[in-house]
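Engineer: Sharing a structure, written as C-alpha cells. Questions coming.
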Amino acid sequence: GGEEGRLMAEEVLLGKIQVTDEAIVGRDSTTASPGRLLPHDGDTEMVRGVTLNYKMTKLLEGLCRISALGLSGHSDRRWSILEEGFDPSAGISSLVFMSLPMLAAMQRRPFQVLAAVLAAASIAWSVANLLAWRASSEYAFGGRRFKHYRLQTLQTRNGSEGSRVLEPGVSGFGILGASRCSPQGSLWFDEEESPQPTFSGPVGSSFLVEYPRGRPMTGWYLGTGALEGSEWRDPAKFMVWATNDEVHVGNGSCAIEREEQDTREGRVWWGWWGESIRSEWCGAAWTQVGSAQSWYEFSIDDWNRFVHFLPMAFNLPAERGSIETFVLDPTARAALFLQVLPGASFGFWAIVAVLSGVLQRKILFVAPHTAMGLATISPALCNFLASVTAWMYNVPHIAIIQTSYVFIWPILAFACVRKGPYWPYIFLAFTLSYTAASFATSLYWYGNIFGHFSPVAAVSIVFSIAIFVLRFMATGTAKKLLKQDRIRYFQLWETLCEDEDDKAGIEHLQKVVRMIGLDDGNYCRQHNRMQAASLSAPLRKRFDSQHGDTSAYPLFRDLGQLTVPGMAAPNSMVSSFHQLYSSAAIANVMIQERMKDWAERSGGMFQVGDSESLWEVPTFVKWRDLKDGNAESKIKWSHLKQHSRAMEKLVRSYLNDPSRLLDICRNCIVFESMTDLTNCLGILVTDADVRVERLKNRMSPSYNGEETAGYRDVCINLRVVNKLSVLLGAELHMCELQLILIDFANLRTDEGHKRYRQARNTRGT
C-alpha cells in the first residue's frame, strides 16, 4: 500500500515491470507452496476454455493485487484533481488553447497576480464612485460654492451655432438649492437658501447670474423665450459654467469676441477625449457644472465630481415662458447599478477565483473558472438593472447604452467556463463587441468615437493582442525546434516520390486503402459495453438463455451490472482512467501477439536493444529472424502511454474526455519497402481477431505533411475481438498501430523525440 504500492500499480499498468512470484506471494519463491500463482515463462493456463499465456497471467494477477490493495482508484483520483485543467508543463502562452483555459491560467502565479490587480482596481473604482456619489448626495460637486453662474447656448433649435448664436434664447436662468425647486415653483422664498442675484441677464450667447456670496447648487432651471414665434431661438445644446473669479463684462464685447474667436478656431467644448471642463470667458476661469444631458461616473480630475456632461441635444417644450428644471441628483439605485455594484461584484468574484486558484480547491462551492465567469456576468446583471432604472426615469441615452452592454458581458462569461481551445477567439469577439459599443457610445454622446472610450475596451484590446502575439511566438518557437527534423522528413518524402518503385508502392497503397473503405474521420471513441438491463425484452431473453450460468457472473449479477459482450453502448463512453488503462494493458498483450503473426507473414520488423546515445539510429530486425531462441526478449516493445502524458493530452486537446484517448495502447511495425507495408495492411484488415475502425494513410501524396512536421506513416485504430478479449472485457478497447517505412523510422531518434516534446509543450498540444 501507500506510495510504494501506488508506484507499483502505475508500473504494472504501463507494462514497465513484470510481476514475479515473490512479489505476488510476498515471500521467497523457495518457500512458496507448490500451487504457485504464476507459471514459468512460456507456460500457459486454461481459464474457461481460453488459453492465457505467461504475460497475460502476470498482468491479470498484478491487476488483482492492485484492486486488493485499494490502489485501483488512484489514477482516477489523480485525474479528478487534474481534470479541471491544471497543466504545469504547458507554456503560459499556450494556456489559452487548453480545454479549460481560464482555470489553467488561474492556477499560474502571473495570472493570479493579474486577476488580483484587476480585482483591487475594480473595487477601488467602486469605492471612489461611492464616495463621489455620497459627496454629491446633498449638493453637487461636494457642496462647492460659486458666486457666478452662466448658461451658454451652443446650438439653437434651428441648428445655428458658434457666432451665429446672438443670444441665449432663454427668458430666465438660475440655480437650484437644497429644495431642488425653482423660485417660481416654491411655495415660499428662503433668502438664506436662494439669495437674490445681484445681476441676471443675457450677455452675448450666455445668460449670466451673479450672487452676493457663493452658493452651492443641486441643479439649475431655465425659462423658455417669452415671445411667441421665438421657438427657433430655444437652446438645443447648452452648457452651464461657474466661477468665483471677478467677471468683467463691461459692454459685453468680451463675450462676443470670445465667441467669434472660438468660431474662427473651430473650437468645441468636447474634444476627441471627452468634455473640456475648463473655459476662459470675460477675464475669468470657468468650470463646467452642467449641460443638457449628463452621465454619472467618478472623475479622476475632480474627486467630488460624480457627473459628466454630454453635448447632446435637449428638446425644450414649445410653450413660451415655461420653466424647465435640471437636477444633478442621481438616485441611489442609479448610482449603485451604474458605477458601484459592477466593479464591486467583479472584484469580489475575481478575489474568490484567485483564492481558489492559489489553494487549488473550491471557494464558496465554485472553481476558479466558475468564479471568473460570475465575475464577468455580474456586470451584465448590473447593466440590466441600470437600464431598467434609466427607462423608469426617462433617461434614454443611458438606458440604450446600458442595454447594449447587457448582451456583451455574457460573451466573456461564456469564455471563462467554455471547454475547448477557442478561448482566444471568444475573447476576441468580446473585445470587438465591447470596443464597438464603446465607439458607438462615444459617437452617440460626444459626436466622435474617442469621447468616452472605455478602459475595459482598452484593456481587452491589449490582452487580445498579447494573446495572439504570444501564441504566434510559441508557434514560431515550436517550428524552430522541429525545423531540422521537418527538413529531413520532407527530403525523404521527395526522394520516395522520385523513385519509381516507391512511387508505384505509394500508389498501390492508396488503392488498397480505397478498397478497404475506412476514412480518417474523428468519430472513434472508447465505449462501455451495453447494459443487459437496457436490452429489449426479446434480446434480454436471448441474452439470459446464452448466459444462464449464474455461477460465472455472481458478482456482476449481485451488482446489477450485467453487460452484453461485444456490444458497445452508443451513449456510454469510458470516463474512468483506471478502466481505460486496465483495458489497454490487456489489449496490449493480445495485440503484440497478433503483431508477431502479421510481421512474420509480411516481413515486418521490430526495434531491438536500447539506444545508448540520444543520436543513435535505432536498430530494427525482422521478426522472422527473431522468433526462434531467446532473441525475442531483446525486442523493445512499446509501453502504454504515460499517465502524465495522457492526462496532459486530455487537458490540452480532448476537452477532458477520456473516451477520446485512442493511443494508450500503441505499437508499431517497421517495413523495408512499401510492398511489405501494404501486404501487412491487407493481412491485418482480414484478420478475424481484430476489427479495424479507422485508417489514416499519411503515406498518401494528398496528405498535408505540415500537420506532422513531415513525418509519415499508416496509422490504424483497431480492436482485438476474440474469446480472450471478450472474456477479459477488453474487446471494445481501441488501440493504435503504426505501419512505418524504415526510412522514416530511422529518423525517429531519442534526441528528435526530445525536441518534439519541447515543441509540444510550447504549443500546448
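The values are calculated or read from the model by the stated rules, or taken from the named source; none is laboratory data. Just so it is clear, the model here is predicted, and its values are computed rather than measured. Cβ placement follows ideal geometry from the backbone for every residue including glycine, while neighbour counts extend to all protein chains displayed. The area values use the complete protein model at the heavy-atom level, side chains included, leaving out ligands, DNA and RNA. Shrake-Rupley method; radii C 1.70, N 1.55, O 1.52, S 1.80 Å.
Engineer: Accessible area per residue, 1.4 Å probe, Å², for the range 632-686: what's the number?
Structural biologist: Dividing the accessible area of the range 632-686 by its residue count gives 33 Å².
Engineer: Compute, for HIS639, the solvent-accessible surface of its heavy atoms (probe 1.4 Å) with the complete set of protein chains present, and express it in square angstrom to the nearest 10.
Structural biologist: Estimated to the nearest 10 Å², HIS639 gives 80 Å².
Engineer: Name the lysines eligible as straight-distance cross-link partners of LYS649: C-alpha to C-alpha under 16 Å, and not fewer than 8 places from it in the same chain.
Structural biologist: Within reach: LYS419, LYS641.
Engineer: Which net charge results for the neighbourhood of TYR149, defined as the other residues with beta-carbon distances under 14 angstrom from its beta-carbon, given Lys and Arg at +1 and Asp and Glu at -1?
Structural biologist: +4
Engineer: Still on this model: At a 1.4 Å probe, what is the % contribution of carbon and sulfur to the accessible area of the range 586-737?
Structural biologist: Carbon and sulfur atoms account for 44 percent of the accessible area of the range 586-737.
Engineer: Using only the alpha carbon atoms of the range 650-722, find the Kirkwood hydrodynamic radius as the inverse mean reciprocal pair distance, in angstroms to one decimal.
Structural biologist: 14.3 Å
Engineer: If you roll a 1.4 Å probe over the heavy atoms of the protein chains, what accessible area per residue do you get for the range 426-501, in Å²?
Structural biologist: Per-residue value: 55 Å².
Engineer: A follow-up question, please. Which Cα, out of VAL512, ALA458, GLN526, lies furthest along the positive dipole direction of the range 453-529 (beta carbon charges, K/R +1, D/E -1)?
Structural biologist: Among VAL512, ALA458, GLN526, the one farthest towards the positive end of the dipole of the range 453-529 is ALA458.
Engineer: Over all directions, what mean area does the Cα convex hull of the range 688-744 project, stated in square nanometres?
Structural biologist: About 4.9 nm², averaged over all directions.
Engineer: If packing is taken as the average count of other Cβ atoms within 10 Å, what order do 490-499, 459-468, 443-452, 666-675 fall into, highest mean first?
Structural biologist: Result, highest mean Cβ count within 10 Å first: 666-675, 443-452, 459-468, 490-499.
Engineer: Right, something else. Roughly how many whole Å is it from the C-alpha centroid of the range 108-144 to that of the range 342-388?
Structural biologist: Each part's Cα centre sits 17 Å from the other's.
Engineer: Which three extents, in whole angstrom, do the alpha-carbon atoms of the range 318-427 cover along their principal axes, largest first?
Structural biologist: 68, 27, 16
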